[in-house]
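What follows is one structure encoded as structure tokens, with my remarks underneath.
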Amino acid sequence: MRMLALIFLMLATPVFAQGSGPTPALANRQLPDPAKEAAATKLMHSLRCIQCQGQSIADSDAQMAGTMRAEVRQQIAAGQKPEAIRGWMIARYGEWVSFEPDMKGAGLLLWLTPLLVLIAGIWLARGLFRRGA
Amino acid sequence: MNRPWLLWIPLAVVAFIGGLAMYGLAVPKDEQVHSAMIGQKLPAFSLPAATAGVEGLASGDMADGKPRLLNIFASWCLPCKAEAPYLEALKKAGIEIDAIAIRDRPEDVAAFLNEFGNPFRRIGSDSEMAVQLKLGSSGVPETYVIGGDGTILYQHIGDIRAEHVPMLIEKVNAAK
């Protein structure tokens with residue numbers, strides 16, 4: 001019985017729900033120039049995968065993330081600046097695709113809130129200490 | 001303490017955060033990633049034929065003065081099968097539809113068209129999803145309304161259902 005189960009398990013083929021096309025070469029292969037690869041990897045960690053949403057394209061195994069990694073490496077290899085590539089992605093998918101929101105609009109609030117809360121905290125604490133003294 | 005109202009500040013902050021949480025629960029979340037390319041020209045691309053007997057697709061093919069639909073699909077995608085009859089209905093209504101097949105094999109595309117019919121004028125094969133990325137498309141299926149000059153006018157994310165057919169016809173006709 002156990003043998004039979006094992007045989008069935010070996011016969012089972014995974015369902016390739018992501019299609020059967022080739023994976024772009026640069027999705028999983030590093031650039032020959034270590035400095036360029038480092039710049040590409042750094043950028044990949046701050047771009048969000050469209051398919052799996054919570055993960056960066058560096059962390060994700062989704063096909064779409066592979067395509068995005070290949071695009072990043074291609075543009076880096078061609079001498080493009082990382083922030084220009086981020087702009088390229090944002091021009092297609094909106095601010096959503098970047099894990100580093102711009103310092104404007106709602107993004108500005110995001111950056112400034114911790115600072116404002118810290119200032120408020122110091123102000124409150126100051127009042128309490130003065131009373132104790 | 002000579003300023004007792006200060007005591008209420010922490011409560012106000014907590015109430016504000018609680019209010020945000022309630023608001024977040026009450027408002028339905030939009031988990032779709034919309035393309036930021038709406039209103040812009042199609043990116044330049046040229047894709048080979050996805051299967052024998054149907055021509056491939058280049059961006060220039062869609063700037064011939066006639067508004068149309070661009071359907072992003074794949075033979076391995078279940079909702080793409082579900083929307084097939086509605087694409088057929090759109091074709092019957094006189095709408096021209098071009099398509100891009102994502103990560104597909106010619107024989108699989110042929111089998112798909114055999115089973116569900118072929119409403120498409122041209123089908124380009126985007127085997128590495130490179131054009132999908134250029135379009136700001138986040139998955140399959142998606143359907144774009146393309147103006148006669150090749151401008152992306154509208155993006156429909158997900159499968160086309162019966163209730164979307166009149167809306168898409170109207171959008172294409174409005175672009176004429």
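Some notes on this structure:
- A:A58 being in a helix (DSSP H, G or I) and either within 14 Å of another protein chain (Cβ to nearest Cβ) or open to solvent by 30 Å² or more (accessible area, probe 1.4 Å) (or both): no
- First in the stretch B:83-96 and touching a residue at least 12 places away in the same chain (Cβ under 8 Å), second anywhere and assigned to a loop (DSSP other than H, G, I, E, B) and surrounded by 15 or more Cβ atoms within 10 Å (Cβ to Cβ), Cβ under 6 Å, 6 or more apart: B:E83/B:P141; B:E83/B:D159; B:E83/B:I160; B:Y86/B:I160; B:L87/B:P119; B:E88/B:P119; B:K91/B:P119; B:E96/B:R121
- Considering the stretch B:135-154, and only residues there that are over 24 Å from B:L78 (Cβ atoms) and open to solvent by 10 Å² or more (accessible area, probe 1.4 Å), the residue that is farthest from the other protein chains (Cβ to nearest Cβ) turns out to be B:G148.
- Cβ-Cβ contacts under 9 Å between residues 6 or more apart (or on different chains), taken from a first residue in the stretch B:112-134 that is within 8 Å of chain A (Cβ to nearest Cβ) to a second residue that is part of a strand (DSSP E or B) and among the acidic types (D, E), are listed as B:Q132/B:D126; B:Q132/B:E142.
- If you go through the stretch B:27-43 and keep only what is within 14 Å of chain A (Cβ to nearest Cβ) and open to solvent by 80 Å² or more (accessible area, probe 1.4 Å), you end up with B:K29, B:D30, B:E31, B:Q32, B:H34, B:Q40, B:K41.
- Once the stretch A:74-112 is narrowed to residues that are touching a residue at least 12 places away in the same chain (Cβ under 8 Å) and among the aromatic types (F, W, Y), the residue that is nearest to A:L47 (Cα to Cα) is A:F99.
- Filtered by the rule that a residue be open to solvent by 40 Å² or more (accessible area, probe 1.4 Å), at pLDDT 95 or above and of a type in the set (D, E), the stretch B:62-106 gives B:E88, B:E96.
- Residue in the stretch A:9-20 that is part of a helix (DSSP H, G or I), over 17 Å from B:I102 (Cα atoms) and at pLDDT 95 or above present: no
- Scan of the stretch A:83-116 for residues that are part of a helix (DSSP H, G or I) and facing another protein chain (nearest Cβ under 9 Å), ordered by number: A:M89, A:I90, A:A91, A:R92, A:Y93, A:E95, A:W96, A:V97
- Count of residues meeting criterion [hydrophobic (A, V, I, L, M, F, W, C) and exposed (fewer than 15 other Cβ atoms within 10 Å of the Cβ)] in the stretch A:62-87: 2
The values are calculated or read from the model by the stated rules, or taken from the named source; none is laboratory data. Keep in mind that what you see is a predicted model, and the values were worked out from it rather than measured. Methodologically, a virtual Cβ is constructed for each residue, glycine included, from the backbone with ideal geometry; neighbour enumeration extends over all protein chains shown. Accessible surface areas use protein heavy atoms only, side chains included; no ligands, DNA or RNA. Shrake-Rupley method; radii C 1.70, N 1.55, O 1.52, S 1.80 Å.
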